[in-house]
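Engineer: Sharing a structure below in structure tokens format, with a few things to ask.
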């Protein structure tokens, strides 16, 4: 499973100024960038519906052209949600109430389908008057044409092109353009790896697409070709490392399950699932602890201690 929220939060918070520069230059124009402060996530509970709402990104900043502070709330949405406008309004109202500051609300919609434009207005109307009109900004990636971002010298463009409106035949071309743009930005290794990893996560190519992708790289001039190949090599090394780690975990898991079956008998499915979700270090700890187990309850108690 792809952790969409984590990936988008990493990109937007790491390149927050670049994100505003790309999509909201008017907001950036009156933001004192030296005052930008990322706040802890806010958790709100809707007691009427029993839902819990957690803000994705919350930033406090000072106006550059007048006194006072304001909040920028960015919500990433990886799937289509009914009544999304109302949810954005709830966030706005609750944040305004808690912080007593103006709130600039932004929704980043990263789902592939549907492609119908998302409304950015929440209204409360009566037959005789309108009580409330709330509007927020929307960046709906599947409504954006990746070609319009090819010349943007911006790491957010290099990343988010991978989630824009892409025809199936253009997938290898878009991945190539993302990396070509990234190679020209000359970011440090950590940030380059973050952006390239984002692109590789969302643009996994099949064998035929990979051949087209490689043919595009060959056309580059030597210096740019070398930069792109360096990025690709970092993917391959990371993939091998992840493969080794996965293999190590599988081996330890198999050993621990055999020992447990001999020590306390067959493991019930829900407990086995908990064991399969343990890290390599936790499996090593379990392999040592199980020597003292005499009943299945001992195993459950040990697992419960991890969650406490």
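No lab work stands behind these numbers, since they all come straight from the coordinates. Bear in mind that the values here come from a model prediction, so they are computed numbers and not experimental data. Methodologically, a virtual Cβ is constructed for each residue, glycine included, from the backbone with ideal geometry; neighbour enumeration extends over all protein chains shown.
Engineer: Tell me whether the stretch 251-307 comes out rounded, prolate or oblate; compute the Cα gyration tensor, take square roots of the eigenvalues as a ≥ b ≥ c, and use a/c under 1.5 as the rounded threshold.
Structural biologist: Numbers: a/c = 1.23, a/b = 1.11, b/c = 1.10.
Judged from the Cα gyration tensor, the stretch 251-307 comes out rounded (a/c under 1.5).
Engineer: Still on this structure, I have one more. Which of 146, 302 comes first, and how do the rest follow, when ranked by fewest Cβ neighbours within 10 Å?
Structural biologist: Values: 146 21, 302 15.
By the 10 Å Cβ count, ascending: 302, 146.
Engineer: Mind jotting down the distance between the C-alpha centroids of the stretch 151-193 and the stretch 92-126, whole Å?
Structural biologist: Measuring centre to centre over Cα atoms gives 28 Å.
Engineer: Which option, [x] 20.1, 69; [y] 18.9, 56; [z] 24.3, 76, is the value of Rg and Dmax of the Cα atoms in Å that was calculated from these coordinates?
Structural biologist: Given [x] 20.1, 69; [y] 18.9, 56; [z] 24.3, 76, the structure-derived one carries the label [z].
Engineer: Oh, and also: Please work out the Cα convex hull volume for the stretch 58-160 and give it in Å³ per residue.
Structural biologist: 156
Engineer: Evaluate the relative contact order of the chain (contact order divided by residue number), counting alpha-carbon pairs under 8 angstrom at least 6 apart; express in whole percent. Kindly include the intermediate steps, with their values, before the conclusion.
Structural biologist: Working: 365 pairs, mean separation 31.5, N = 308.
Once divided by the residue count of the chain, the mean separation gives 10 percent.
Engineer: Order of 202, 30 from fewest to most other C-beta atoms within 10 Å?
Structural biologist: Values: 202 21, 30 13.
With the sparsest Cβ surroundings first, the list reads 30, 202.
Engineer: Order by neighbour count: 201, 55, 279, fewest other Cβ atoms within 10 Å first, most last.
Structural biologist: 279, 201, 55
Engineer: While we're here: Students often check this: by mean Cβ neighbours within 10 Å, which of 160-166, 180-186, 94-100 ranks highest, and how do the rest follow?
Structural biologist: Numbers: 160-166: 22.3, 180-186: 17.4, 94-100: 13.6.
Result, highest mean Cβ count within 10 Å first: 160-166, 180-186, 94-100.
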